[in-house]
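The values are calculated or read from the model by the stated rules, or taken from the named source; none is laboratory data. These numbers were taken from a predicted model, which means no experiment stands behind them. Neighbour counts run over all protein chains shown; Cβ positions are idealised from the backbone, glycine included. Each accessible area value is taken on the protein alone, full model and side chains, heavy atoms only, with ligands, DNA and RNA left out. Shrake-Rupley method; radii C 1.70, N 1.55, O 1.52, S 1.80 Å.
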Amino acid sequence: MAASALVVAALTGCDSDSDADAGDKTQIVIGADLATSGSAVDFAYSRALQLKVDQLNASGVLGSRELVLRIQDNRSDPTATLRNIGAFAQDEAVAAVITGSCGACVVNAAKTINDQKIPTIALAAADEVTTPVENRRYVFKLGPNSTDSVAAIVAELVRKKTKKAALLWADDLYGRAAQKKMALQLEAADIEVSGTRSVKPAATEISQTVGTLTDAGPDALVVLAGSDQATLAATSAKAAGFTGAVYFDAAAAGDLFLPQAAATATDKTTMVFTQILAIDDVIATTPAKAARKQWFRDYTARYGSYSGVAAFAADAVELIADAVARVGGDRQRIRDVLETSQTDGLAGPIRLTPDNHSGLMPQALTLLVARSGRWRLLS
């Protein structure tokens, strides 16, 4: 409530004392390059970014400094991202940038980010966002790595003694890499790939493709795609009479509750993700777990529902704020602090090093299962 009151006062401008106090603060701008007009994931990111900024400002943890969030829409267009990054870089008030779900956007802008020396935290899933690290000195990443997500799925397939698996993957930067890694790990685990098919990232009619995969009689269908497509794949598989197991990788994470129309079709689907989508099943035995439960409550209280990806955005703001608290708005020094950041974040343990700019640790991932239209811990 206190945070909301501060936001209202800032918007109305009616309180002269508040205006005077705000005028005494040094504003530190965080630029955000998001596809706010067309991406549900980036819309959730924008909400989480604003909530975390409001919380930090209300807490007073930054003393005489105040965070300001400035969002620019990239419409999932790499050219627009280049313009946005350029504009942020030219504004001395911008201390750091956070980019959204478009992997190609941030990869295409990596050279500009490095040349302009503006520290950037990417929320895109693609591993190429931070590799090769020598060409991404100013780019960092939060969110599951496909290597870790794939490894968790394969380990579960092995545990369930799966003999044959089919792969459905989105034909984008993330999906292509994840599919290659999955195929290699399945081969190493002596699990036959009965079929593999790609779909365009925005495709909404995939039933024929899914039917082709399930007709081959696999024990499991593994889906490497975003939330909407993954849900559609499970629904299509159910309609095709598939009775095997369905697995989603971490890219499929979306809202806490699955669409009502897909609840039955997705029942017992297994997904790799962080615990926060099943936070009701987590006992707050550590400060980090207690903080995650509180964040879940705060986000839900403000927005009425919860998105699984929100924690990544909040952790990005937290990392930047921690750096600002230590070194102010100096971009080079913020970059240096980020590169050695270690924290138990809202999404899970985060460890960044000069050789690894993708911070979410494999231990952050767990197996969730869909039950009665929402995600629960598998065990």
- [ ] Please state which one of Ala220, Ala203, Ala225 is surrounded by fewer than 17 Cβ atoms within 10 Å (Cβ to Cβ), within 18 Å of Ala252 (Cα to Cα) and in contact with a helix residue (DSSP H, G or I) (Cβ under 9 Å, 6 or more places away or on another chain).
- [x] Ala203
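To keep it simple, each residue is scored yes or no on (1) assigned to a helix (DSSP H, G or I); (2) open to solvent by less than 30 Å² (accessible area, probe 1.4 Å); (3) among the aliphatic types (A, V, I, L, M).
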{"residue": "Arg333", "(1), (2), (3)": "yes, no, no"}
{"residue": "Asp336", "(1), (2), (3)": "yes, no, no"}
{"residue": "Ile350", "(1), (2), (3)": "no, yes, yes"}
{"residue": "Thr366", "(1), (2), (3)": "no, no, no"}
{"residue": "Arg376", "(1), (2), (3)": "no, no, no"}
{"residue": "Ser379", "(1), (2), (3)": "no, no, no"}
Task: Enumeration of residues in region 109-125 that are assigned to a loop (DSSP other than H, G, I, E, B) and either among the charged types (D, E, K, R) or open to solvent by 30 Å² or more (accessible area, probe 1.4 Å) (or both) - done: Lys117, Ala125
TODO: May I ask you to list pairs of residues, at least six apart or on different chains, whose Cβ atoms are under 6 Å apart, with the first in region 207-223 being at negative phi and the second being open to solvent by 50 Å² or more (accessible area, probe 1.4 Å) and in a loop (DSSP other than H, G, I, E, B)?
DONE: Gly211/Ala240; Thr214/Ala240; Asp219/Lys163
Task: Residue check, Gln342 surrounded by fewer than 16 Cβ atoms within 10 Å (Cβ to Cβ), touching a Leu at 6+ places or on another chain (Cβ under 8 Å) and over 27 Å from Ala370 (Cβ atoms) - done: yes
Open item on the list: I need the full set of residues from region 346-364 which are within 13 Å of the chain's Cα centre (by Cα) and farther than 21 Å from Val106 by Cα, in order please.
Closed with: Leu346, Ala347, Gly348, Ala364
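Given the options Ala188, Ala237, Ala251, name the one that is open to solvent by 20 Å² or more (accessible area, probe 1.4 Å) and over 27 Å from Gly100 (Cβ atoms).
So the residue among Ala188, Ala237, Ala251 that is open to solvent by 20 Å² or more (accessible area, probe 1.4 Å) and over 27 Å from Gly100 (Cβ atoms) is Ala188.
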Open item on the list: Let me confirm something: among Thr274, Thr270, which residue is modelled with pLDDT of 95 or more, open to solvent by less than 20 Å² (accessible area, probe 1.4 Å) and touching a strand residue (DSSP E or B) at 6+ places or on another chain (Cβ under 6 Å)?
Closed with: Thr270
Open item on the list: Quick check on region 231-243. Is at least one of its residues of a type in the set (A, V, I, L, M) and touching a Lys or Arg at 6+ places or on another chain (Cβ under 6 Å)?
Closed with: no
Open item on the list: I need a count of the residues in region 34-48 that are open to solvent by less than 50 Å² (accessible area, probe 1.4 Å) and farther than 20 Å from Asp77 by Cβ.
Closed with: 1
- [ ] May I ask you to list the residues in region 153-175 that are aliphatic (A, V, I, L, M), in a helix (DSSP H, G or I) and buried (at least 21 other Cβ atoms within 10 Å of the Cβ)?
- [x] Ile153, Val154, Leu157, Leu173
Task: Qualifying residue in region 309-317 (condition: touching a helix residue (DSSP H, G or I) at 6+ places or on another chain (Cβ under 9 Å) and surrounded by fewer than 16 Cβ atoms within 10 Å (Cβ to Cβ)) - done: no
- [ ] Confirm whether Glu128 is surrounded by fewer than 17 Cβ atoms within 10 Å (Cβ to Cβ), assigned to a helix (DSSP H, G or I) and not β-branched (Val, Ile, Thr).
- [x] no
TODO: Taking Thr147 as meeting all but one of (1) open to solvent by 10 Å² or more (accessible area, probe 1.4 Å); (2) over 25 Å from Glu318 (Cβ atoms); (3) without any contact (Cβ under 8 Å) to a residue 60 or more places away in the chain, write down the number of the exception.
DONE: (2)
- [ ] Scan region 279-298 and give yes if some residue there is open to solvent by 50 Å² or more (accessible area, probe 1.4 Å), on the phi > 0 side of the Ramachandran plot and in contact (Cβ under 8 Å) with a residue 12 or more places away in the chain, otherwise no.
- [x] no
